[in-house]
Amino acid sequence: MEQDILADRDPKWHHFAKLIGAVSWPAGKYLANEMIAHRFLDWERVIVLVDGDKLVGFCAIVKEDIVKASGYSPFIGYVFVDEAYRGQHLSQRLVTIAEDQLTQVGFLKAYIVTKHIGLYEKLGYQQIDTSIDQMGRKMRILEKELV
């Protein structure tokens, strides 16, 4: 399994945007649209895992996630692993790659917005807040010190 860390304007950017837009999770289509519209800052990235030519999973490091104007940044968001590949700790691998990228850019903390309980806590994240997302759902905001 290989990984790719994509910046906006990467030669593979549109190829992966199409693959991300076709996954079963609706947030994939949203992320793909953001990619196609080039709404990424210079430090924001999309991280993909591939098995041959198959997209296995992805996540993104972004200034804002589904909760806008939260006062927190940067976020590791859009964490997705294809159903056929779940149970192999690939979401943890994606988050770890994202954390490494954020550290390289100089960030000292990372945030995750989720409804899930347990997965990210295993990686050292702790809930620090709640917020209402763009769809009106109450979400948990988690934080982790990266240093």
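The values are calculated or read from the model by the stated rules, or taken from the named source; none is laboratory data. Fair warning: this is a prediction, and the values are worked out from it, not measured in the lab. All Cβ positions, glycine included, derive from the backbone under ideal geometry; neighbour counts span all protein chains shown. Heads up: the accessible areas ignore ligands, DNA and RNA and are worked out on the full protein's heavy atoms, side chains in. Shrake-Rupley method; radii C 1.70, N 1.55, O 1.52, S 1.80 Å.
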Surface accessible to a 1.4 Å probe, His14 within the full protein complex, Å² | 80
Tell me, what ³J(HN,Hα) does each residue in the stretch 116-133 have, in order and in whole Hz, if you take phi through Karplus 6.51 cos²θ - 1.76 cosθ + 1.60 with θ = phi - 60° and put x for Gly and Pro?
-> 5, 10, x, 4, 7, 4, 5, 9, x, 7, 10, 5, 10, 6, 10, 7, 8, 7
Extension gain (nm, one decimal) between Ile5 and Ile117, 0.36 nm per residue minus Cα-Cα = 37.6 nm
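With all protein chains present, how much of the accessible area of the stretch 71-122 (probe radius 1.4 Å) comes from carbon and sulfur, to the nearest whole percent?
Details: 1340 of 2640 Å².
Carbon with sulfur: 51 percent of the solvent-accessible area.
Rounded to the nearest 0.05, what FRET efficiency do Gln92 and Ala69 have when you use their Cβ-Cβ distance and R0 = 22 Å?
Values: r = 29 Å, r/R0 = 1.32.
My answer for the efficiency is 0.15.
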Percent relative contact order of the stretch 46-104, based on C-alpha pairs within less than 8 angstrom and at least six residues apart?
-> 33
To the nearest 10 square angstrom, what accessible area does Arg86 show with a 1.4 Å probe?
-> 130
Using 0.36 nm per residue of separation minus the Cα-Cα distance, give me the extension gain between Glu83 and Asp51 in nm, one decimal.
-> 10.2 nm
For each pair in Lys63/Lys109; Lys18/Lys115; Lys68/Lys115; Lys18/Lys138, compute the distance between the two Cα atoms and list the pairs where it is over 20 Å.
-> Lys18/Lys115; Lys18/Lys138
Gain in span if fully extended, Ser24 to Thr130, counting 0.36 nm per residue against the direct Cα distance | 35.5 nm
Which option, (i) -0.46, -0.94; (ii) -0.31, -0.73; (iii) -0.56, -0.78, is the value of log10 I(q)/I(0) by the Debye sum over Cα atoms at q = 0.10, 0.15 Å⁻¹ that was calculated from these coordinates?
-> (ii)
Give the distance, in whole Å, between the Cα centre of the stretch 109-147 and the Cα centre of the stretch 24-41.
-> 20
Indicate, rounded to the nearest 5 percent, the antiparallel portion of the DSSP beta bridges found entirely in the chain.
-> 95
